[in-house]
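First up is the structure itself, then whatever we jot down about it.
The values are calculated or read from the model by the stated rules, or taken from the named source; none is laboratory data. Treat the numbers as computed from the prediction; the structure is a model and nothing was measured. Every residue, glycine as well, gets a Cβ built from its backbone with ideal geometry; the counts of neighbours run over all protein chains shown.
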Amino acid sequence: MSEAGTNGPAPEPDADEWAAMAAWLAEPSHHGARDGRRIDTHTAMIALVGERAWKLRRPVDYGWLDYGTRARRLQCAELEISLNGPTAPGLYIGLGGIAPDGDGFRLIEPGGSLPETAEACVVMERFGGDQLFDRKASEQRLTPSLIHAAGRAVAEMHKTRPQLAKVMPYHELIENEIAELTAMTDIFRPDMVETYAEALRTKRDRRADVLAGRTVRRCHGDLHLGNIVMWNGEPTPFDCIEFNDDFSVIDPLYDIAFLLMDLEHRGIFRLASIAYNAWAERMAAEPGRDVHTAYGGAGLLPLCKAIRAGVRAKVGGLAARHWEGASRENAIRAARAYLAEAAQYVIPRPEPRLIAVGGLSGSGKSSMARGLAPPLDAIVLRSDAIRKGLRGVNEITRLSPDAYTREASQHVYSEMLLRAEMALESGANVILDAAHLDPEERARAARLASDMGLRFTGLWLEAPVEWLKERVEKRKNDVSDADASVVEWQTGYDLGEIDWHRIPANRSRQEVLKIARGCLADT
């Protein structure tokens, strides 16, 4: 809150005054601390002192970001806390400040009253840099389970934000980005931009009907790995965009695409696939399930990632203009690499295809599906996860027998095929990960592809019963509830004729995937 003044607004600090304020705030002794570190960005100064982080906004106005007045900086600080607080519980302490005091300054603790001459500060708990996901990625500490949990956390964030009555302005976004890149002739060769622009527009026009149905929510807006942290043992998105609704009131698919692009830029395609599928499963789960947001635009992901990579190229190019010598050349090289990656995302691709993986419990269906998905840029629909999601329980919660009746299973398969149809219609490849024990279940999957005029490949995993039993008994914290008794029951099930490609499951994962990829190449 602010203290009212009597003589009009206090004058804005000039560059020297702001610099003096920032230097004072970054001094650990002024916080009663022994250690500290200062981080400067083009929008703020962050003082890491003791157990806290104090964020002081710069008095700048870049057009797309306006921190030009004290009132605006205060407003954005308050917004940052209110928007991030619910999704990062306990990380944001509150609104503090720094105010002139004689020949120096004084701190205003969170919750204190801010005089007119004070600069607002966002005060947060301090955490180690090793807890940031970009650091984990660079040090190869980013595991599948961590990125799976991160995808779910992003979905929870999206689901807390109401859907707004507005269509995502993809056409305007794309044209603005192309225009800005075209103007950067000192950074990008015209032919690079033209190649990207032509491919981007072609992809956009080809999927215009899908784009027209994408609505918006208030999202994060800047969802790269550096803005996800392990906090209280959980992956936690923080530091969302508060300064420009054009960047944050967006399609959730465009939001998660930033995270996927960041992972793929680092060459971690498997984790990008896991992140998307975890996000989509959680978006489509109860309570508040939103199947359309999760799967109705899955085929737009390459376009969304292309735009995100193009934005990264633009930002890198703008930053390069402020540097000289080798630093400038390195920045330009990195920006051009992003633009080249952006163009790759929107090169023409074959029509989508449907792949179904089946087999008894323990045969390695999920492992195969996860292994096949990244090179195909395919989404994976897991019947076990759908079953848990429809009942609104955590995916490792064991369900009662009534969840596995014939009627319940038919409902799960119908839901899986509904999601598959939505994703295929949007242009995405789809992999069905389910037992497919019933001949009619296998026929329905093949029929869906046939009705849509798309390719279909069925892959059937098989292995000795004792080997299957041993595998299921070794599972821990798994989405499947199957145990050895389930495998025993399945061996007596009338599977009917299996006309899918039969693959021996009791080989190494690499061998199984090699055989499966050969089957896909033949169909």
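Exactly one condition in (1) surrounded by 21 or more Cβ atoms within 10 Å (Cβ to Cβ); (2) assigned to a helix (DSSP H, G or I) is not met by ASP402; state its number.
Condition not satisfied by ASP402: (1).
Could you list, in sequence order, all residues of the range 377-399 that are hydrophobic (A, V, I, L, M, F, W, C) and either buried (at least 18 other Cβ atoms within 10 Å of the Cβ) or part of a loop (DSSP other than H, G, I, E, B) (or both)? Outline the logic, then answer.
As a first pass, look at the range 377-399 and keep what is hydrophobic (A, V, I, L, M, F, W, C): 378-381, 385-386, 390, 393, 396, 399.
Residues satisfying the conditions are ALA378, ILE379, VAL380, LEU381, ALA385, ILE386, VAL393, ILE396, LEU399.
Restrict the check to the range 243-266 and report whether at least one residue is more than 21 Å from ILE147 (Cα to Cα), touching a strand residue (DSSP E or B) at 6+ places or on another chain (Cβ under 9 Å), among the polar types (S, T, N, Q) and not in a loop (DSSP other than H, G, I, E, B).
There is at least one residue in the range 243-266 that is more than 21 Å from ILE147 (Cα to Cα), touching a strand residue (DSSP E or B) at 6+ places or on another chain (Cβ under 9 Å), among the polar types (S, T, N, Q) and not in a loop (DSSP other than H, G, I, E, B).
Let's see how each residue does on (1) of a type in the set (Val, Ile, Thr); (2) modelled with pLDDT under 95:
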position	(1), (2)
SER2	no, yes
GLY8	no, yes
TRP24	no, no
SER29	no, no
THR41	yes, yes
TRP54	no, no
TYR67	no, no
ARG73	no, no
GLU80	no, no
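Please indicate, with yes or no, whether at least one residue in the range 173-186 is in contact with a Ser or Thr (Cβ under 8 Å, 6 or more places away or on another chain) and at pLDDT 95 or above.
No - not one qualifying residue is present in the range 173-186.
Take the range 297-324 and flag every residue that is buried (at least 21 other Cβ atoms within 10 Å of the Cβ) and not in a helix (DSSP H, G or I).
Within the range 297-324, just GLY297 meets the criteria.
Which numbered condition trips up PHE133, out of (1) more than 30 Å from ARG52 (Cα to Cα); (2) touching a helix residue (DSSP H, G or I) at 6+ places or on another chain (Cβ under 8 Å)?
Here PHE133 meets the rest and fails (1).
Considering each residue of the range 47-81, count those that are farther than 28 Å from SER29 by Cα, assigned to a helix (DSSP H, G or I) and either touching an Asp or Glu at 6+ places or on another chain (Cβ under 6 Å) or free of Cβ contacts under 8 Å to residues at least 40 places away in the same chain (or both), and give that number.
3
Can you find, within the range 214-245, the residue that is surrounded by the fewest Cβ atoms within 10 Å (Cβ to Cβ) among those that are under 18 Å from PRO89 (Cα atoms) and of a type in the set (Asp, Glu)?
By that ranking, first place goes to GLU234.
Could you grab me the full set of residues in the range 11-22 that are out of contact with any helix residue (DSSP H, G or I) (no Cβ under 7 Å at 6 or more places or on another chain) and either more than 24 Å from GLY226 (Cβ to Cβ) or at pLDDT below 95 (or both)? Let's see the steps before the verdict.
Quick first cut of the range 11-22, residues out of contact with any helix residue (DSSP H, G or I) (no Cβ under 7 Å at 6 or more places or on another chain) only: 11, 14-22.
PRO11, ASP14, ALA15, ASP16, GLU17, TRP18, ALA19, ALA20, MET21 - these are the residues of the range 11-22 that are out of contact with any helix residue (DSSP H, G or I) (no Cβ under 7 Å at 6 or more places or on another chain) and either more than 24 Å from GLY226 (Cβ to Cβ) or at pLDDT below 95 (or both).
Across the range 475-487, what is the number of residues that are loosely packed, with under 13 Cβ neighbours inside 10 Å and of a type outside the set (Gly, Ala, Ser)? Let's see the steps before the verdict.
Applying the first criterion (loosely packed, with under 13 Cβ neighbours inside 10 Å) to the range 475-487 yields 476-477, 485.
Those left that are additionally of a type outside the set (Gly, Ala, Ser): 476-477.
Qualifying residue count, the range 475-487: 2.
Out of the range 282-296, which residues are over 13 Å from the mean Cα position of the chain (by Cα) and either part of a helix (DSSP H, G or I) or of a type in the set (Asp, Glu) (or both)?
GLU286, ASP290, VAL291, HIS292, THR293, TYR295
Right, VAL487: part of a helix (DSSP H, G or I), touching a residue at least 24 places away in the same chain (Cβ under 8 Å) and more than 23 Å from TRP279 (Cβ to Cβ) or not?
yes
Of the residues PHE127, PHE188, which is under 23 Å from ILE347 (Cα atoms), assigned to a loop (DSSP other than H, G, I, E, B) and among the hydrophobic types (A, V, I, L, M, F, W, C)? Outline the logic, then answer.
Details: PHE127 fails: under 23 Å from ILE347 (Cα atoms).
Answer to the check: PHE188.
For the range 97-105, indicate whether the set of residues that are within 30 Å of ASP16 (Cα to Cα) and in contact with a Cys (Cβ under 7 Å, 6 or more places away or on another chain) is non-empty.
Taking every residue of the range 97-105 in turn, at least one turns out to be within 30 Å of ASP16 (Cα to Cα) and in contact with a Cys (Cβ under 7 Å, 6 or more places away or on another chain).
If we scan the range 82-101, do we find a residue that is under 26 Å from the mean Cα position of the chain (by Cα), surrounded by 15 or more Cβ atoms within 10 Å (Cβ to Cβ) and part of a helix (DSSP H, G or I)?
Within the range 82-101, one or more residues are under 26 Å from the mean Cα position of the chain (by Cα), surrounded by 15 or more Cβ atoms within 10 Å (Cβ to Cβ) and part of a helix (DSSP H, G or I).
Would you call SER138 small (Gly, Ala, Ser), at pLDDT 95 or above and not assigned by TED's automatic domain parsing to the domain that holds ALA33? Steps first, please.
Values: small (Gly, Ala, Ser): yes; at pLDDT 95 or above: yes; not assigned by TED's automatic domain parsing to the domain that holds ALA33: yes.
So SER138 fits the description; yes.
Could you tell me whether GLU425 is surrounded by fewer than 16 Cβ atoms within 10 Å (Cβ to Cβ) and assigned to a helix (DSSP H, G or I)?
So GLU425 fails the test.
Okay, residues lined up against (1) closer than 30 Å to PHE247 by Cα; (2) assigned by TED's automatic domain parsing to the domain that holds ALA120; (3) surrounded by 13 or more Cβ atoms within 10 Å (Cβ to Cβ):
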position	(1), (2), (3)
HIS30	no, yes, yes
ASP35	no, yes, no
THR41	yes, yes, no
ALA44	yes, yes, yes
ARG52	yes, yes, yes
LYS55	yes, yes, yes
ARG58	yes, yes, yes
LEU65	yes, yes, yes
THR69	yes, yes, yes
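How many residues, within the range 26-41, are in contact with a helix residue (DSSP H, G or I) (Cβ under 8 Å, 6 or more places away or on another chain) and in a loop (DSSP other than H, G, I, E, B)?
The number of residues fulfilling the criteria is 2.
With the requirement that a residue be charged (D, E, K, R), touching a residue at least 24 places away in the same chain (Cβ under 8 Å) and in a strand (DSSP E or B), what does the range 102-119 give you?
As a first pass, look at the range 102-119 and keep what is charged (D, E, K, R): 103, 106, 109, 116, 119.
If we keep only those that are touching a residue at least 24 places away in the same chain (Cβ under 8 Å) too, we end up with 116, 119.
Result: GLU119, single match.
Please specify each residue of the range 490-505 satisfying the condition of being crowded, with 18+ Cβ neighbours inside 10 Å and under 14 Å from ASP522 (Cβ atoms).
Matches in the range 490-505: TRP500, ILE503.
Is it the case that the range 439-449 has a residue that's touching a Pro at 6+ places or on another chain (Cβ under 7 Å) and in contact (Cβ under 8 Å) with a residue 24 or more places away in the chain?
No, the range 439-449 has no match at all.
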